[in-house]
Amino acid sequence: MSIIVAIIIGAIAGWLAGEIVKGHGQGLLMNIVVGILGALLASFLFPAIGLGIGAEGSIIGSIIYATIGAVILLLILRLVRRA
């Protein structure tokens, strides 16, 4: 069941990140992958720099966390593609 929730959160976060960082609509599957990778990136990056979201245990907190991580990931991908 947690895998299904992770996929749904990843899809929502990937879609939101795609809307925030225009020009990177990748389709549903890539949105899910970017959202899940963004959540992993955020889970390592934010605690390392001392940031955290108060509602980390909630679905909304997880979506926010994953979206921020996915936006960071998309921005990094944009920089790599330009280089």
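Just so you know, all these numbers are worked out from the coordinates, no wet-lab data involved. If you're wondering where the values come from, they're calculated on a predicted model, not measured in any experiment. Heads up, the Cβs are rebuilt from the backbone with ideal geometry, glycines too, and the neighbour counts pull from every protein chain shown.
If you take the beta carbon distance between Ile4 and Ile76 as r and set R0 to 25 Å, what does 1/(1 + (r/R0)^6) give as a FRET efficiency, to the nearest 0.05?
The calculated FRET efficiency here is 0.35.
For Leu40 and Lys22, compute 0.36 nm times the residue count separating them, minus their Cα-Cα distance, and round to one decimal in nm.
Net length gain for the segment: 4.3 nm.
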